[in-house]
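Enquirer: Structure in structure tokens, see below.
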Amino acid sequence: MWSQSHPLLTPYLFDTTTPQKSPFSYFCDTSSTCSSETSCSDLSSSSSTSLYSLKVFIGGLPKGATKVQVLLNCQKYGVSDVEMQGHATGYCFVIFKSQACCQKFMRDCVTGSDDRFFYPFVQDVFCSKRNMVEVKPFKLVDARYGLSVGKATNAQTIFVGGLPRDTTAEQLAMKLEAKFGVVDEVAIDLDSSTMYPRGTAMVVFRKKSCAHRAIAAQTFAIRKLNQYRLIELKPFLEVDKQCSVCRLFCPAVFCASCSKVMCSSCFDANHIDSNHVKISRGTFYTLRR
Ligand SMILES: [Zn+2]
Ligand SMILES: [Zn+2]
């Protein structure tokens, strides 16, 4: 069972392995150099303001665009880093210093016809030419779907891995629901410092049988534009769980064939002559890049 003090969504929205910023420092970083006119009260009082991850995807960069050029375009908003893998990839991630900095940048973006955002990117400061690059922010509200029912059991819950970062909780819920049955809740894990999706999520099905079918399927293809990505559907395994056989507290493993969670030693003892597969937290069904 879930621990009573932790409703499902709360622990998984944060990466508990790294020190957490206080919510206040996240929403209004006063140490930032960003001279935004948006104050904390503006952000919290305006229900129409979307809160975003501090890490924002920028795609369609002009040929030969460099990290320094991206920084020159965005530094006036307050940027802590630009992530760009090699050259000529045509995309990068900009990490803003605070929510206010990110909001200011988003306000300078142009909205396209279908809710897409574009930014007039300057490659050469001595030239007035602007290239429109596409900006894809992640809205924090998209990390959650459904209401925490508070009584969900591990047997109703699955762990999803390999999730495309721009997938929303609602999209994931709809896709899994169409295949396996009613989904009550989805929580996409976010990085604690940037609040950007980490590619993993917890999904709570209404029925144990639906969760069991999803776990038995192991993988599920999600369509993104013209590509399919295989996401992993795994049992929810706690780091420290009492084994149903020996009663010791150990990292749990799962047998999909027996549909049982137990400790690794008990799994081995109960599977001497079987070919059942031991699934642990580190088990991956797909190739990891
Ligand atoms: Zn055991
Ligand atoms: Zn088994």
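Just so you know, all these numbers are worked out from the coordinates, no wet-lab data involved. Keep in mind it's a predicted model, so treat the numbers as computed, not measured. Methodologically, a virtual Cβ is constructed for each residue, glycine included, from the backbone with ideal geometry; neighbour enumeration extends over all protein chains shown.
Enquirer: To make sure I understand the rule: partners must be lysines, Cα under 21 Å from the Cα of K97, and not fewer than 8 residues away in the same chain. Which ones qualify?
Expert: K21, K55, K67, K76, K136, K139
Enquirer: Run down the lysines and flag those whose C-alpha is under 24 Å from the C-alpha of K179, throwing out any fewer than 8 positions away in its chain.
Expert: By straight Cα distance, K179 reaches K151, K207, K208, K224, K234, K260.
Enquirer: How large is the Rg to Rh ratio of the range 54-137 when both quantities use alpha carbon positions and Rh follows Kirkwood?
Expert: 0.93
Enquirer: Could you work out, for the range 146-208, what percent of all Cα-Cα pairs fall into each 10 Å distance bin, beginning at 0 Å and stopping at the bin that holds the largest distance?
Expert: Spelled out bin by bin, the range 146-208 gives 22, 54, 22, 1 percent.
Enquirer: Taking the Cβ of A256 as the centre, find all other residues whose Cβ is under 11 Å away and add up their charges (Lys, Arg: +1; Asp, Glu: -1).
Expert: With Lys, Arg at +1 and Asp, Glu at -1, the neighbours total +4.
Enquirer: Calculate the FRET efficiency for S280 and K224 from the Cβ-Cβ distance with a Förster distance of 35 Å, rounded to the nearest 0.05.
Expert: 0.80
Enquirer: Send over the semi-axes of the range 141-279's equivalent ellipsoid, whole angstrom and largest first, taken as the square roots of 5 times the C-alpha gyration tensor eigenvalues.
Expert: Here the semi-axes work out to 28, 16, 15 Å.
Enquirer: Follow-up. How charged is the neighbourhood of K179? Take every other residue with its Cβ under 13 Å from the Cβ of K179, and add Lys/Arg as +1 and Asp/Glu as -1.
Expert: Surrounding charge for K179 is +2.
Enquirer: I need to check one value: relative contact order of the range 141-279, counting alpha carbon pairs closer than 8 Å and at least 6 residues apart, in percent.
Expert: 21 percent
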